[in-house]
1. Which of the residues spanning the stretch 210-232 are part of a strand (DSSP E or B) and in contact with a Gly (Cβ under 6 Å, 6 or more places away or on another chain)?
2. If the Cβ limit is 8 Å and pairs must be 6+ apart or interchain, which residue in the stretch 26-40 that is among the small types (Gly, Ala, Ser) pairs with which residue that is surrounded by fewer than 17 Cβ atoms within 10 Å (Cβ to Cβ)?
3. Please enumerate the residues belonging to the stretch 124-134 that are out of contact with any strand residue (DSSP E or B) (no Cβ under 7 Å at 6 or more places or on another chain) and either without any contact (Cβ under 8 Å) to a residue 60 or more places away in the chain or closer than 17 Å to VAL259 by Cα (or both).
4. Looking at VAL50, VAL57, VAL32, which is the one that is within 23 Å of GLU330 (Cβ to Cβ), aliphatic (A, V, I, L, M) and touching a helix residue (DSSP H, G or I) at 6+ places or on another chain (Cβ under 9 Å)?
5. From the list ALA183, ALA207, ALA145, ALA167, which residue is touching a residue at least 60 places away in the same chain (Cβ under 8 Å), among the aliphatic types (A, V, I, L, M) and part of a loop (DSSP other than H, G, I, E, B)?
6. In the stretch 195-214, how many residues are crowded, with 19+ Cβ neighbours inside 10 Å and hydrophobic (A, V, I, L, M, F, W, C)?
7. Give the number of residues within the stretch 69-87 that are of a type in the set (A, V, I, L, M, F, W, C) and touching a strand residue (DSSP E or B) at 6+ places or on another chain (Cβ under 9 Å).
8. Quick one: in the stretch 64-108, of everything that is surrounded by 22 or more Cβ atoms within 10 Å (Cβ to Cβ) and aromatic (Phe, Trp, Tyr), which residue is farthest from ILE325 (Cα to Cα)?
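Read the figures in this text as sums done on the coordinates, not as results from a lab. Values in this document were obtained by computation on a predicted structure and should not be read as measured data. Neighbour counts run over all protein chains shown; Cβ positions are idealised from the backbone, glycine included.
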Amino acid sequence: MSKQYRVVQWNTGNVGTQTLRAIVSNPLLELVGCYAWNEDKEGLDAGTIVGTEPIGVCATRNIDALLDLKPDCVCYTPLWPDVEHMCRILQSGVNIATSAHFITGDAYFGGDKRAQIEAACTQGNSSIFGSGMHPGFSNLMALAASNACSRIDKIVITESQDASGYASPDTQRSVGFDSPMDAPGLANMVRDGSLVFVDGIHMMAQALGVTLDDIRFEAEFAAAKQDTDLGFMTIRKGHVGGVAGRWLGVVEGRVLFDVGFRWIMGGPVEGTWPIEHAYLLEVHGMPTLKLRMEIKPPPDFRPKDPLEYMQLGMVITGLPVVNAIPAICEAAAGIRTYSELPLTTAKGFA
């Protein structure tokens, strides 16, 4: 594909900073606009906002002005999605590639809101695609591994990480970190904060052509052994410092999909709580395949502050979205997933 796609970056937070930088550096993409959620950023050059040289595109809160630019796609990276904004973009004929808790729309949206998004796609002849690292890219990698199997008994995906690299206190508290260990409804909090994993299971079921009977959730917690100041939040001793959750997709009475996470937040926790610092992918069947993905910085990455390592987490969250922009712009209208797109790669970055 030699076409250059016109892109609006929507928000410039932790993930949006990395996706904007990537859009600017990819010759297949042209940054034509930038939405500012924060009023303090309105009118500033987008490059200045994300710590690069000025690029001649100023951030605005005027949605009509951004849509009048006739972009091919909006790279939509707020912490939480806004259905009204999403539908407005899609109805105007602009595609969306998003990291904002969306893969199929079944979990956080469902029902009427998902129907609104589908209707907006139909009206605008536009498409929406959602990803991230986990869920999203991790599901794709497990599905790719299943291509070598003649029988699938179970697919297990686990993110086993120190989650302090994701500097978003709202996100971390939404899955229980720093809550009292006896907080009422703690498991339900983690369930509600990780619902997007349901989307990942729906996507894998679609890709394998199976029908889900049920999706269940299980959670466990570990107490922090000491106070840990992470800069963006503090995990207090005796409060939740380890969170593990598993989403189980049941097909014909057996668990076919087991997708979840085991996290700590910077400091040690009570009990046995192994952290692999990797994404562990297992496809059980004929044959059984086990893959381990580790996230490492390149040799020329020399952060001045330990918090700069958080960039790695933001890059792996946002770049699966950026790299799908050409494919989603060429896709049929509607909600699209990895199971329907051609192979997406880092074309333009090599």
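1. ILE215, ALA219, ALA222, ALA223, ALA224, THR228
2. From residues that are among the small types (Gly, Ala, Ser), the pairs are GLY33/ALA65; GLY33/LEU69; ALA36/GLU42; ALA36/ARG61.
3. SER131, GLY132, MET133
4. The match here is VAL32.
5. Residue meeting the stated conditions: ALA167.
6. 7
7. 5
8. PHE102
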